[in-house]
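One structure is given here, and the rest of the page talks about it.
The values are calculated or read from the model by the stated rules, or taken from the named source; none is laboratory data. Since the model is a prediction, treat every value here as computed from it, not as a measurement. Quick reminder, even Gly has a Cβ in these numbers, built from the backbone with ideal geometry, and neighbours come from all protein chains shown. Please note that ligands, DNA and RNA were not included when accessible areas were found on the heavy atoms of the full protein model with its side chains. Shrake-Rupley method; radii C 1.70, N 1.55, O 1.52, S 1.80 Å.
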Amino acid sequence: MDISVVIPLYNEEESLPELSAWIERVMEENHFSYEVIFVDDGSTDGSFHKIKKLSEKNPNIKAIRFSRNYGKSPALHTGFRAAQGDVVITMDADLQDSPDEIPELYRMITQDGYDLVSGWKKKRYDPLSKTIPTKLFNATARKVSGIKNLHDFNCGLKAYRKQVVKNIEVYGDMHRYIPYLAKNAGFGRIGEKEVKHQARKYGHTKFGLDRFVNGYLDLGTLWFQTKFGVKPMHIFGLLGSFMFLIGFLAVLTVIILKIVSVCSYGFNFYLTKSVYFYLSLAAMIMGLQFFLTGFIGELIIRNSAERNEYQIAERID
Ligand code: UDP
Ligand code: MG
């Protein structure tokens, strides 16, 4: 099979017939063997009923229905597990992404050798309240992930080599960072294609402004996992040592001041009135906490099933 199209959807019943017919047309014109996997993320409208109807007419249409709304990432993850095509294409269900981009995306994966090609909605039809934070978000994501050539991390329209989607785990809200996940899994040939973007025709967006707050928090998590995920002591031990050093210097200062005050008549030193006394207490306690966090982190890693999972690119036996 050439292509699997994975489409996560949540209450998009109006768009589905149009989208499905459009994909079908593109696939037939280009003679691709394909499947479309609709992942219904717990829709409460008639979405799944529509999909059922569509699949009766076209055997290439498959579907998975969640029993409740889990989110876009879980939907993508489940679609990725099921996908069989050599190239996997994801797109949103709301007709904002155009299926006409599929042939070129397919060509970039199969002929140009990319592992992942991300769409770039250069001209977007979204309100300003979304486009401006998006620019900031992408700049930060570029910096943190080190993937410097991507303008649009969170574009729903993306193409992947099959191995990529089988080796990444898209959980929580991590769909915003799939290129970063792919890079961490060793798939570093990441490209970009300018794609046409349409205004949403039916329904409304499923994400609010909290997407940016959550997006930044998730980026922090990913960065931390990438850098210290299997060696938490490297960061917590460092912070702990730093705190102990501060605490030690503060205690030393307190001791010296006390000795001086005992030996001299004019100078009185009261321990509990000294800033160094409190500093030493605070720093020691914080240092200890950092160390304990590091040790606990190490114990957790020691027991995690994935501590020795590596992506092996090739093997000669
Ligand atoms: N979506 C989903 N589960 C959710 C939220 C969204 O499967 O919990 C789907 C949604 O139906 C659409 C895609 O994810 O196909 C992108 O969502 P949306 O168009 O609302 O996002 P936006 O274009 O505003 O970024
Ligand atoms: Mg949309």
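Summary of computed values
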item: Condition broken by Ile259, with the remaining ones in (1) of a type in the set (A, V, I, L, M, F, W, C); (2) open to solvent by less than 90 Å² (accessible area, probe 1.4 Å); (3) more than 30 Å from Leu95 (Cβ to Cβ); (4) modelled with pLDDT under 95 satisfied; result: (2)
item: Qualifying residues in the stretch 15-32 (those that are in a helix (DSSP H, G or I) and within 16 Å of ligand 2 (Cβ to nearest atom)) - the one most open to solvent (accessible area, probe 1.4 Å); result: Glu18
item: Which listed residue, of Lys143, Lys121, is open to solvent by 40 Å² or more (accessible area, probe 1.4 Å) and either among the charged types (D, E, K, R) or under 23 Å from Thr221 (Cβ atoms) (or both); result: Lys143
item: Residues within the stretch 50-85 that are of a type outside the set (D, E, K, R), free of Cβ contacts under 8 Å to residues at least 24 places away in the same chain and part of a helix (DSSP H, G or I), tallied; result: 1
item: Within the stretch 145-228, helices (runs of 4 or more DSSP H) holding 1 or more residues that are closer than 17 Å to Pro133 by Cβ; result: 210-228
item: Selection from the stretch 49-96 of residues that are more than 9 Å from ligand 1 (Cβ to nearest atom), touching a Leu at 6+ places or on another chain (Cβ under 9 Å) and within 24 Å of Thr110 (Cα to Cα); result: Ile61, Val87, Ile89, Thr90
item: Contacts under 8 angstrom Cβ, first residue in the stretch 161-173 being over 20 Å from Met108 (Cα atoms) and open to solvent by 70 Å² or more (accessible area, probe 1.4 Å), partner assigned to a loop (DSSP other than H, G, I, E, B) and not aliphatic (A, V, I, L, M), 6 or more apart; result: none
item: Residue satisfying condition, being within 30 Å of Ala93 (Cβ to Cβ) and at pLDDT below 95, within set Asn303, Asn268, Asn214; result: Asn214
item: Leading residue by the ranking (modelled with the highest pLDDT) among those in the stretch 106-144 that are in a loop (DSSP other than H, G, I, E, B) and closer than 18 Å to Leu95 by Cβ; result: Lys121
item: Exclusive hit being open to solvent by less than 20 Å² (accessible area, probe 1.4 Å), out of contact with any Asp or Glu (no Cβ under 9 Å at 6 or more places or on another chain), at pLDDT 95 or above and among the acidic types (Asp, Glu), set Glu56, Glu35; result: Glu35
item: Condition check for Glu12: among the acidic types (Asp, Glu), within 16 Å of ligand 2 (Cβ to nearest atom), assigned to a helix (DSSP H, G or I) and in contact with a Leu (Cβ under 9 Å, 6 or more places away or on another chain); result: no
item: Search result, residues across the stretch 33-49 that are in a strand (DSSP E or B) and over 19 Å from Ile3 (Cα atoms); result: Asp40
item: Search result, residues across the stretch 229-246 that are open to solvent by less than 90 Å² (accessible area, probe 1.4 Å), of a type in the set (A, V, I, L, M, F, W, C) and farther than 28 Å from Ala305 by Cβ; result: Met243, Phe244, Ile246
item: Verdict on Ala185 being more than 15 Å from the chain's Cα centre (by Cα), surrounded by 15 or more Cβ atoms within 10 Å (Cβ to Cβ) and closer than 23 Å to Asp86 by Cα; result: no
item: Selected residue (only one of His77, His151 is open to solvent by 30 Å² or more (accessible area, probe 1.4 Å), modelled with pLDDT of 95 or more and under 23 Å from Ser43 (Cβ atoms)); result: His77
